[in-house]
Amino acid sequence: MPLELRYAGLDTAMEQRLRLATQALAAHRLQARAAAWDGTRCDIVAADPHDAYGRRVIDIARRRGTPVLEIVEALATVARLTRALHDLLSRAAPPSTQSTATAAPTTSASSTPASSPLLKMATDPTLRGADVELRRDGAVVWLLASTSRVVSASVSDRLRACEQLASNAWSIAAIGDRQRSRPPGEISASLDAFLLMGAWSARAHLPSYPDDDVGLRDWPDLGAAGTIAEALVVVQSLQRFRGTPERIAHRHGLARADVDACLWAFQAAGLLDRSATPSAVPPPTRPGGLFSRLAAHFGLRVA
(Lines give C-alpha, C1' and ligand atoms only; values in the text may rest on other atoms or scores of the structure.)
Protein backbone atom coordinates (compact mmCIF):
# COMPACT_ATOMS: atom_id res chain seq x y z
CA MET A 1 0.00 0.00 0.00
CA PRO A 2 1.14 3.59 -0.59
CA LEU A 3 2.88 5.35 2.27
CA GLU A 4 0.85 8.23 3.70
CA LEU A 5 2.51 11.66 3.84
CA ARG A 6 0.93 14.64 5.62
CA TYR A 7 2.12 18.23 5.30
CA ALA A 8 1.54 21.37 7.37
CA GLY A 9 2.56 25.02 7.50
CA LEU A 10 3.51 25.22 3.82
CA ASP A 11 2.56 27.90 1.34
CA THR A 12 0.65 26.96 -1.82
CA ALA A 13 3.72 26.86 -4.04
CA MET A 14 5.60 24.56 -1.67
CA GLU A 15 2.55 22.29 -1.31
CA GLN A 16 2.47 21.89 -5.09
CA ARG A 17 6.20 21.12 -5.24
CA LEU A 18 5.81 18.58 -2.44
CA ARG A 19 2.95 16.84 -4.25
CA LEU A 20 5.01 16.74 -7.46
CA ALA A 21 7.94 15.30 -5.51
CA THR A 22 5.66 12.67 -3.98
CA GLN A 23 4.54 11.61 -7.46
CA ALA A 24 8.15 11.55 -8.68
CA LEU A 25 8.92 8.90 -6.03
CA ALA A 26 7.34 6.40 -8.42
CA ALA A 27 10.61 6.54 -10.35
CA HIS A 28 12.24 4.97 -7.28
CA ARG A 29 9.42 2.42 -6.96
CA LEU A 30 8.16 4.06 -3.80
CA GLN A 31 4.43 4.69 -3.69
CA ALA A 32 3.27 7.59 -1.50
CA ARG A 33 0.25 9.85 -1.20
CA ALA A 34 0.42 13.45 0.03
CA ALA A 35 -2.39 15.28 1.80
CA ALA A 36 -2.79 18.09 4.31
CA TRP A 37 -2.29 17.22 7.98
CA ASP A 38 -5.58 16.08 9.52
CA GLY A 39 -4.40 14.79 12.88
CA THR A 40 -4.59 11.11 11.94
CA ARG A 41 -1.59 8.81 12.02
CA CYS A 42 0.57 8.65 8.93
CA ASP A 43 3.95 7.36 7.76
CA ILE A 44 5.76 10.69 7.41
CA VAL A 45 5.15 14.38 8.11
CA ALA A 46 6.55 17.30 6.09
CA ALA A 47 6.26 20.69 7.73
CA ASP A 48 7.85 24.14 7.89
CA PRO A 49 9.65 24.54 11.25
CA HIS A 50 9.50 28.34 10.88
CA ASP A 51 5.70 28.33 10.77
CA ALA A 52 3.80 28.18 14.09
CA TYR A 53 1.33 25.58 12.86
CA GLY A 54 4.15 23.64 11.21
CA ARG A 55 6.14 23.56 14.46
CA ARG A 56 3.11 22.30 16.36
CA VAL A 57 2.56 19.47 13.88
CA ILE A 58 6.27 18.56 14.02
CA ASP A 59 6.05 18.30 17.81
CA ILE A 60 2.98 16.04 17.59
CA ALA A 61 4.62 13.84 14.97
CA ARG A 62 7.81 13.42 17.00
CA ARG A 63 5.84 12.53 20.13
CA ARG A 64 4.14 9.82 18.09
CA GLY A 65 7.45 8.60 16.66
CA THR A 66 6.47 9.61 13.11
CA PRO A 67 9.42 10.51 10.82
CA VAL A 68 9.55 14.23 10.02
CA LEU A 69 10.92 16.09 7.02
CA GLU A 70 11.52 19.73 7.91
CA ILE A 71 10.87 21.87 4.84
CA VAL A 72 13.66 24.43 4.78
CA GLU A 73 15.07 26.71 2.09
CA ALA A 74 17.57 24.06 0.96
CA LEU A 75 14.61 21.90 -0.17
CA ALA A 76 13.08 24.55 -2.42
CA THR A 77 13.10 22.47 -5.63
CA VAL A 78 11.14 19.39 -6.65
CA ALA A 79 14.35 17.45 -7.29
CA ARG A 80 15.74 18.14 -3.81
CA LEU A 81 12.40 17.36 -2.18
CA THR A 82 12.18 14.09 -4.10
CA ARG A 83 15.67 13.07 -2.96
CA ALA A 84 14.98 13.97 0.67
CA LEU A 85 11.61 12.18 0.67
CA HIS A 86 13.14 9.11 -0.93
CA ASP A 87 15.86 8.91 1.70
CA LEU A 88 13.45 9.41 4.59
CA LEU A 89 10.68 7.13 3.26
CA SER A 90 13.17 4.37 2.53
CA ARG A 91 14.24 4.45 6.17
CA ALA A 92 10.69 4.93 7.49
CA ALA A 93 8.94 2.14 5.60
CA PRO A 94 8.61 -1.15 7.50
CA PRO A 95 10.32 -4.15 5.84
CA SER A 96 7.10 -5.53 4.37
CA THR A 97 6.24 -2.15 2.83
CA GLN A 98 9.75 -1.68 1.45
CA SER A 99 9.75 -5.02 -0.29
CA THR A 100 6.38 -4.20 -1.84
CA ALA A 101 7.56 -0.76 -2.91
CA THR A 102 10.83 -1.86 -4.44
CA ALA A 103 9.80 -5.14 -6.00
CA ALA A 104 8.72 -5.00 -9.62
CA PRO A 105 4.91 -5.12 -9.75
CA THR A 106 3.11 -7.82 -11.68
CA THR A 107 0.06 -7.57 -13.91
CA SER A 108 -1.33 -11.03 -13.29
CA ALA A 109 -4.56 -9.64 -11.84
CA SER A 110 -5.59 -6.33 -13.38
CA SER A 111 -7.85 -4.14 -11.28
CA THR A 112 -7.93 -1.19 -13.69
CA PRO A 113 -11.44 -0.67 -15.06
CA ALA A 114 -11.79 -0.48 -18.84
CA SER A 115 -13.77 2.74 -18.27
CA SER A 116 -10.75 4.49 -16.75
CA PRO A 117 -9.58 7.57 -18.70
CA LEU A 118 -6.18 5.99 -19.38
CA LEU A 119 -7.52 2.83 -21.01
CA LYS A 120 -10.34 4.60 -22.81
CA MET A 121 -7.90 7.04 -24.39
CA ALA A 122 -5.71 4.11 -25.42
CA THR A 123 -8.43 1.81 -26.78
CA ASP A 124 -11.59 3.75 -27.66
CA PRO A 125 -11.42 4.75 -31.36
CA THR A 126 -13.75 7.72 -30.72
CA LEU A 127 -11.35 9.18 -28.13
CA ARG A 128 -7.99 8.20 -29.57
CA GLY A 129 -6.21 11.36 -30.68
CA ALA A 130 -9.11 13.55 -29.56
CA ASP A 131 -9.11 16.46 -27.14
CA VAL A 132 -10.95 15.20 -24.05
CA GLU A 133 -12.29 16.52 -20.78
CA LEU A 134 -12.04 14.85 -17.37
CA ARG A 135 -14.56 15.78 -14.67
CA ARG A 136 -14.98 14.98 -10.99
CA ASP A 137 -16.77 16.85 -8.19
CA GLY A 138 -16.71 20.16 -10.07
CA ALA A 139 -13.04 19.84 -11.07
CA VAL A 140 -12.31 19.92 -14.80
CA VAL A 141 -9.09 18.93 -16.58
CA TRP A 142 -8.58 19.08 -20.34
CA LEU A 143 -6.25 16.62 -22.09
CA LEU A 144 -5.45 18.24 -25.42
CA ALA A 145 -3.97 15.81 -27.93
CA SER A 146 -3.95 18.62 -30.51
CA THR A 147 -1.27 20.52 -28.57
CA SER A 148 -0.02 17.71 -26.29
CA ARG A 149 -0.91 19.73 -23.19
CA VAL A 150 -2.96 19.26 -20.01
CA VAL A 151 -4.96 22.32 -18.96
CA SER A 152 -6.60 22.86 -15.58
CA ALA A 153 -7.68 25.56 -13.16
CA SER A 154 -5.09 24.48 -10.57
CA VAL A 155 -2.08 22.24 -10.15
CA SER A 156 -3.94 20.28 -7.47
CA ASP A 157 -6.74 19.40 -9.94
CA ARG A 158 -4.17 18.11 -12.40
CA LEU A 159 -2.30 16.11 -9.78
CA ARG A 160 -5.51 14.55 -8.50
CA ALA A 161 -6.57 13.57 -12.02
CA CYS A 162 -3.11 12.11 -12.67
CA GLU A 163 -3.18 10.06 -9.47
CA GLN A 164 -6.60 8.62 -10.43
CA LEU A 165 -6.07 8.29 -14.18
CA ALA A 166 -6.32 4.49 -14.08
CA SER A 167 -9.53 4.47 -12.01
CA ASN A 168 -13.06 5.39 -13.03
CA ALA A 169 -13.22 8.24 -10.49
CA TRP A 170 -13.21 10.80 -13.33
CA SER A 171 -15.64 10.88 -16.25
CA ILE A 172 -14.17 11.35 -19.71
CA ALA A 173 -15.72 12.83 -22.85
CA ALA A 174 -14.58 14.50 -26.06
CA ILE A 175 -14.48 18.30 -25.94
CA GLY A 176 -17.19 19.86 -28.10
CA ASP A 177 -16.69 22.87 -30.35
CA ARG A 178 -18.78 25.09 -28.09
CA GLN A 179 -16.65 24.24 -25.06
CA ARG A 180 -13.34 25.29 -26.61
CA SER A 181 -13.92 28.96 -25.91
CA ARG A 182 -14.22 28.21 -22.17
CA PRO A 183 -11.08 26.36 -21.02
CA PRO A 184 -11.03 25.32 -17.35
CA GLY A 185 -7.99 27.47 -16.52
CA GLU A 186 -4.53 28.56 -17.56
CA ILE A 187 -2.37 25.99 -15.74
CA SER A 188 -0.67 23.92 -18.43
CA ALA A 189 1.68 20.91 -18.47
CA SER A 190 2.91 18.15 -20.79
CA LEU A 191 0.24 15.62 -21.77
CA ASP A 192 2.84 12.90 -22.44
CA ALA A 193 4.31 13.30 -18.94
CA PHE A 194 0.82 13.39 -17.38
CA LEU A 195 -0.20 10.12 -19.03
CA LEU A 196 3.09 8.41 -18.22
CA MET A 197 3.04 9.41 -14.55
CA GLY A 198 -0.60 8.32 -14.26
CA ALA A 199 0.12 4.94 -15.83
CA TRP A 200 3.35 4.49 -13.88
CA SER A 201 1.72 5.04 -10.50
CA ALA A 202 -0.92 2.41 -11.35
CA ARG A 203 1.35 -0.08 -13.11
CA ALA A 204 0.76 -2.82 -10.53
CA HIS A 205 -2.92 -2.81 -11.47
CA LEU A 206 -2.84 -2.32 -15.25
CA PRO A 207 -3.66 -5.15 -17.66
CA SER A 208 -0.83 -6.55 -19.75
CA TYR A 209 -0.29 -4.61 -22.93
CA PRO A 210 -1.20 -6.65 -26.04
CA ASP A 211 1.69 -8.66 -27.43
CA ASP A 212 1.92 -6.48 -30.54
CA ASP A 213 5.03 -5.43 -32.40
CA VAL A 214 5.16 -1.67 -31.84
CA GLY A 215 7.34 1.29 -32.71
CA LEU A 216 7.44 4.94 -31.70
CA ARG A 217 6.05 7.69 -33.93
CA ASP A 218 7.55 10.61 -32.05
CA TRP A 219 9.80 11.33 -29.07
CA PRO A 220 7.54 12.01 -26.07
CA ASP A 221 7.71 15.22 -24.08
CA LEU A 222 8.34 13.59 -20.71
CA GLY A 223 8.81 16.76 -18.67
CA ALA A 224 8.69 15.91 -14.96
CA ALA A 225 8.29 12.23 -15.84
CA GLY A 226 11.86 12.25 -17.17
CA THR A 227 12.96 11.00 -13.74
CA ILE A 228 11.42 7.59 -14.56
CA ALA A 229 14.57 5.91 -15.87
CA GLU A 230 12.73 2.82 -17.16
CA ALA A 231 10.56 4.98 -19.40
CA LEU A 232 13.64 6.55 -20.97
CA VAL A 233 15.01 3.07 -21.68
CA VAL A 234 11.72 2.05 -23.35
CA VAL A 235 11.70 5.24 -25.45
CA GLN A 236 15.29 4.74 -26.58
CA SER A 237 14.58 1.10 -27.43
CA LEU A 238 11.52 1.94 -29.53
CA GLN A 239 13.40 4.70 -31.33
CA ARG A 240 15.88 2.07 -32.53
CA PHE A 241 13.80 -1.11 -32.92
CA ARG A 242 10.21 -2.23 -33.07
CA GLY A 243 9.36 -4.85 -30.48
CA THR A 244 6.76 -6.60 -28.37
CA PRO A 245 6.45 -5.75 -24.66
CA GLU A 246 8.06 -9.07 -23.74
CA ARG A 247 11.03 -8.54 -26.08
CA ILE A 248 11.58 -4.98 -24.83
CA ALA A 249 11.52 -6.15 -21.20
CA HIS A 250 13.89 -9.05 -21.91
CA ARG A 251 16.29 -6.98 -24.03
CA HIS A 252 16.79 -4.34 -21.33
CA GLY A 253 16.22 -6.33 -18.15
CA LEU A 254 13.04 -4.42 -17.27
CA ALA A 255 9.98 -5.67 -15.42
CA ARG A 256 7.14 -6.47 -17.83
CA ALA A 257 4.75 -4.33 -15.77
CA ASP A 258 7.05 -1.31 -16.20
CA VAL A 259 7.10 -1.76 -19.98
CA ASP A 260 3.33 -2.27 -20.10
CA ALA A 261 2.72 0.99 -18.21
CA CYS A 262 4.91 2.94 -20.64
CA LEU A 263 3.19 1.42 -23.67
CA TRP A 264 -0.33 2.13 -22.36
CA ALA A 265 0.70 5.75 -21.72
CA PHE A 266 2.37 6.14 -25.12
CA GLN A 267 -0.64 4.63 -26.88
CA ALA A 268 -3.02 6.96 -25.03
CA ALA A 269 -0.81 9.86 -26.15
CA GLY A 270 -0.94 8.72 -29.78
CA LEU A 271 2.78 8.00 -29.86
CA LEU A 272 2.80 4.32 -30.82
CA ASP A 273 2.89 2.84 -34.32
CA ARG A 274 1.08 -0.52 -34.17
CA SER A 275 0.85 -1.17 -37.92
CA ALA A 276 1.28 -4.87 -38.69
CA THR A 277 3.49 -4.22 -41.74
CA PRO A 278 5.58 -1.12 -41.05
CA SER A 279 6.53 0.90 -44.08
CA ALA A 280 10.16 1.48 -45.06
CA VAL A 281 9.34 5.17 -44.77
CA PRO A 282 9.51 6.42 -41.16
CA PRO A 283 6.01 6.73 -39.70
CA PRO A 284 4.57 10.24 -39.52
CA THR A 285 4.99 12.21 -36.34
CA ARG A 286 2.15 14.03 -34.67
CA PRO A 287 1.20 17.07 -36.77
CA GLY A 288 4.19 19.32 -37.14
CA GLY A 289 6.34 17.64 -34.51
CA LEU A 290 7.58 19.18 -31.27
CA PHE A 291 8.13 22.72 -32.59
CA SER A 292 4.63 22.98 -34.04
CA ARG A 293 3.14 21.71 -30.78
CA LEU A 294 5.10 24.36 -28.90
CA ALA A 295 3.93 27.00 -31.37
CA ALA A 296 0.30 25.87 -30.97
CA HIS A 297 0.67 26.11 -27.20
CA PHE A 298 1.57 29.81 -27.55
CA GLY A 299 -1.09 30.50 -30.21
CA LEU A 300 1.40 30.62 -33.12
CA ARG A 301 1.64 28.76 -36.41
CA VAL A 302 4.67 27.30 -38.13
CA ALA A 303 4.74 27.71 -41.88
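The values are calculated or read from the model by the stated rules, or taken from the named source; none is laboratory data. Fair warning: this is a prediction, and the values are worked out from it, not measured in the lab. Glycine gets a Cβ as well: all are built from the backbone with ideal geometry, and neighbour counts include every protein chain shown.
Kindly indicate whether any position in the range 147-155 is within 21 Å of Ala225 (Cα to Cα), part of a strand (DSSP E or B) and touching a Gly at 6+ places or on another chain (Cβ under 8 Å).
Yes, the range 147-155 has at least one match.
Hey, among Ser156, Ser188, which residue is touching a His at 6+ places or on another chain (Cβ under 8 Å) and either small (Gly, Ala, Ser) or under 24 Å from Pro2 (Cα atoms) (or both)?
Every option except Ser188 fails the conditions.
Six or more apart or on different chains, Cβ under 7 Å: which pairs go from a residue in the range 177-201 that's under 17 Å from Ser156 (Cα atoms) to one that's among the aromatic types (Phe, Trp, Tyr)? Could you list them?
Note: pairs meeting the criteria are Pro183/Trp142; Pro184/Trp142.
I'd like the residue in the range 212-248 that is in contact (Cβ under 8 Å) with a residue 24 or more places away in the chain and of a type in the set (Ser, Thr, Tyr) and, out of all such residues, is farthest from Ser148 (Cα to Cα).
Among those residues, the one meeting the criterion is Thr244.
Return yes or no: is Asp221 charged (D, E, K, R), in contact with a helix residue (DSSP H, G or I) (Cβ under 7 Å, 6 or more places away or on another chain) and surrounded by fewer than 24 Cβ atoms within 10 Å (Cβ to Cβ)?
So Asp221 fits the description; yes.
Residue under question is Ala24, and the condition is that it be of a type in the set (Gly, Ala, Ser) and either at pLDDT below 85 or part of a loop (DSSP other than H, G, I, E, B) (or both); does it hold?
Yes: the conditions hold for Ala24.
How many residues, within the range 1-58, are over 21 Å from Thr227 (Cα atoms), surrounded by 17 or more Cβ atoms within 10 Å (Cβ to Cβ), among the small types (Gly, Ala, Ser) and in contact with a Lys or Arg (Cβ under 9 Å, 6 or more places away or on another chain)?
4
Can you tell me which residue within the range 225-236, out of those that are crowded, with 21+ Cβ neighbours inside 10 Å and of a type in the set (Gly, Ala, Ser), is farthest from Ala24 (Cα to Cα)?
Going through the qualifying residues, I end up with Ala231.
Any idea which of Arg178, Arg136 is modelled with pLDDT under 90 and of a type in the set (Lys, Arg)?
Arg178
Exactly one of (1) outside any loop (DSSP other than H, G, I, E, B); (2) farther than 21 Å from Asp51 by Cα; (3) modelled with pLDDT under 85; (4) not charged (D, E, K, R) is unmet by Ala74. Its number?
Here Ala74 meets the rest and fails (2).
Go through the range 112-133 and count every residue that is modelled with pLDDT of 90 or more and at positive phi.
Summing the residues that are modelled with pLDDT of 90 or more and at positive phi in the range 112-133 gives 0.
Can we say Leu69 is at pLDDT below 85 and either closer than 21 Å to Ser156 by Cβ or over 21 Å from the mean Cα position of the chain (by Cα) (or both)?
Against the criterion (at pLDDT below 85 and either closer than 21 Å to Ser156 by Cβ or over 21 Å from the mean Cα position of the chain (by Cα) (or both)), Leu69 does not qualify.
Can you name the residue in the range 167-198 that is part of a loop (DSSP other than H, G, I, E, B) and polar (S, T, N, Q) and is also surrounded by the fewest Cβ atoms within 10 Å (Cβ to Cβ) among such residues?
Asn168
Could you count how many residues in the range 10-55 are in contact (Cβ under 8 Å) with a residue 60 or more places away in the chain and more than 22 Å from the chain's Cα centre (by Cα)?
1
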